[in-house]
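The block underneath contains the structure these notes are about, expressed in structure tokens.
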Amino acid sequence: MPVDIESPPPALTKRIRRRVVAKTWDFFAATPPGFEELCEQEFAALAFLETLPQIAPGGLEFSGRVQHAYMSNLHLRTANRVLMRIEEFQAANFRRLKKKLRALPWELLVKPDRAVSFRVSSARSRLYHTKAVEQCAHEALDEAPGRRPRPSEYEEDTPPQTVFIRIVEDRVSLSLDSSGDNLYKRGLKAPGAKAPLRETAAAAILTLLNYGGDRPLIDPMCGSGTFSLEAAMIAQGIPPGWYRSFSFFEWPCFSPGNWGHIRKEARKAFRPMRRPAIFASDIDSGACRKLRGCVLKAGFQNAVEIEDGLDFFDLHPEKFGNERGAVVINPPYGLRMDPAGKNAGPFFDEIFRKLKKDFKGWKAAVVVPDSRYAAGAPSALQKRRLFHGGLDLRLIYGTIPR
């Protein structure tokens with residue numbers, strides 16, 4: 001929980017309540033390509049907005065109060081970040097741009113000693129020099145009432161507040177980032193830990209399988225454990241943002257009491273598990289050891305069971321009971337598995353043969369690097385493009401025919 005180092009003066013606090021807290025804002029939830037509809041379904045299930053968001057290029061647009069940004073960051077599993085639209089205006093030259101930027105009430109949006117980073121993009125505009133736009137924005141911010149010229153010692157250890165400036169055909173849009181780190185960073189893994197699959201993608205795949213935690217889930221090539229950890233949060237009703245911090249913690253309008261109430265309400269939906277129903281394994285014992293550390297740190301011992309050195313091709317579903325569940329597989333591919341790419345096809349064929357032979361009636365999802373490697377998949381399974389970290393992958397998913 002963030003610590004309020006210095007409260008704003010009473011007059012400023014009153015302005016913040018009236019012009020920020022009580023105001024209805026436009027927000028944008030950015031999603032990975034192809035996840036827009038899944039994120040829309042999340043909003044509908046959460047039901048904290050008066051009107052459903054609208055799908056737009058790159059994500060969803062919605063309106064609400066600042067607490068709705070807090071709730072979106074806490075609960076959305078398939079969004080990358082949440083932006084608050086703070087201003088939009090026409091500007092075809094720097095004189096006009098500087099005038100409009102100076103008029104913004106920066107003191108209501110950014111703490112006086114908080115470092116700010118401007119991320120500028122421009123398309124088909126006379127304001128094409130992004131570095132000059134960034135410099136103009138910094139100059140306008142420095143002139144804001146009460147702005148301190150240098151960050152304090154406390155704020156130097158805090159990541160800068162990001163403001164996105166998007167210019168299209170001389171139309172300038174400014175958005176305040178409420179998330180900070182990308183939302184796929186759940187706060188469960190060690191900083192800098194690399195994963196072949198982001199948590200947002202894992203959540204989307206589990207959603208497509210209608211996974212709710214009531215049936216067994218097998219993650220037999222778990223690697224860093226993205227599927228298992230994400231499934232553990234879903235099964236136990238834990239929001240994806242429960243273990244991390246957000247940029248809005250440092251907003252002048254942020255209320256620890258309001259945030260505490262939001263978390264208290266979220267905790268009411270927790271569903272502790274009495275015994276594991278998520279089974280992770282990998283032939284890489286080192287990967288299992290790291291995952292075990294994450295599970296222990298998060299307190300997921302009653303949700304996730306990990307077995308070292310177990311090969312998927314030696315695995316039988318009877319080991320996990322009589323109930324049919326789901327199998328999620330993100331195999332090693334590309335340079336991690338076969339630098340020359342010669343053996344990838346037979347490897348994926350073997351995966352699909354194993355699923356068809358031993359997992360009849362189970363739901364399954366397999367990530368493949370190319371549609372060529374899906375040739376051995378049961379024809380009943382669906383195919384979907386999956387964009388991940390610049391890669392154009394394919395997801396094969398559905399119920400294995402009996």
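Rounded to the nearest 0.05, what FRET efficiency do GLU134 and GLN382 give with R0 = 60 Å and r taken as the Cβ-Cβ distance? Could you check? Please report the intermediate quantities before stating the final value.
Numbers: r = 44 Å, r/R0 = 0.73.
The pair GLU134/GLN382 has a calculated efficiency of 0.85.
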- [ ] Working from Cα positions, state the angle (0 to 90°, nearest 10) between the long axis of helix 256-267 and the longest principal axis of the chain.
- [x] 20
- [ ] Taking only Cα atoms and a 10 Å spring cutoff, compute GNM fluctuations for the chain and point out the largest among ARG114, ARG171, ARG65.
- [x] ARG171
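So what is the calculated 222 nm ellipticity per residue for the chain, using -39500 (n - 2.57) for each DSSP H run with n of 4 or more, over all residues, to the nearest 500 deg cm²/dmol? If you can, show how the numbers build up before the last one.
Values: 12 runs with 119 residues, N = 402.
Result for the chain: -8500 deg cm²/dmol, rounded to the nearest 500.
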Open item on the list: Compute the distance from the alpha-carbon center of region 253-297 to that of region 76-146, in whole Å.
Closed with: 36
TODO: For region 316-325, take each phi angle, set θ = phi - 60°, evaluate the Karplus expression 6.51 cos²θ - 1.76 cosθ + 1.60, and give the result in whole Hz per residue in order, putting x for glycine and proline.
DONE: 10, x, 4, 4, 10, x, 8, 7, 7, x
Open item on the list: Take ARG95 and LEU391, extend 7 Å from each Cα along the Cα→Cβ direction, and tell me the distance between the two endpoints in nm.
Closed with: 5.3
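Find how much the distance from ARG147 to THR24 grows on full extension, using 0.36 nm per residue of separation minus their present alpha carbon separation; answer in nm with one decimal. Each step should come with its number before you reach the end.
On the way: separation 123, 0.36 × 123 = 44.28 nm, distance 2.56 nm.
So the chain would gain 41.7 nm between ARG147 and THR24.
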Task: Angle in degrees between helix 285-298 and the longest Cα principal axis of the chain, rounded to the nearest 10 - done: 50
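Can you compute the FRET efficiency between GLN301 and THR13 using 1/(1 + (r/R0)^6), with r the Cβ-Cβ distance and R0 = 41 Å? Round to the nearest 0.05. Intermediate values should be presented prior to the final figure.
Numbers: r = 44 Å, r/R0 = 1.08.
According to the calculation, E is roughly 0.40.
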Open item on the list: Looking at the chain as a GNM with Cα springs under 10 Å, which of ARG215, ARG124, ARG15 has the largest mean-square fluctuation?
Closed with: ARG124
Open item on the list: Compute the angle between helix 130-142 and the longest alpha-carbon principal axis of the chain, please, reported from 0 to 90 degrees and rounded to the nearest 10.
Closed with: 60
Task: Estimated vicinal HN-Hα couplings, Hz - region 238-247 in sequence order (Karplus 6.51, -1.76, 1.60; Gly, Pro = x) - done: 8, x, x, x, 5, 9, 10, 10, 9, 5
- [ ] Can you pull the one-decimal nm distance between simple spin-label points at TYR243 and ALA115, each 7 Å off the Cα toward Cβ?
- [x] 2.7
- [ ] Towards the positive end of the charge dipole of region 220-333, with charges on Cβ (+1 Lys, Arg; -1 Asp, Glu), say which of ALA280, THR226, TRP242 has the farthest Cα.
- [x] TRP242
Task: Correct option for semi-axes √(5λ) of the Cα gyration tensor in Å [calculated from the coordinates] among [x] 43, 24, 19; [y] 37, 22, 20; [z] 58, 32, 19 - done: [x]
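Here, each number is a calculation from the coordinates, and none is a lab measurement. Quick caveat, the model's predicted, so the values are computed rather than measured. Backbone-built Cβ (ideal geometry, glycine too); neighbour counts: all protein chains shown.
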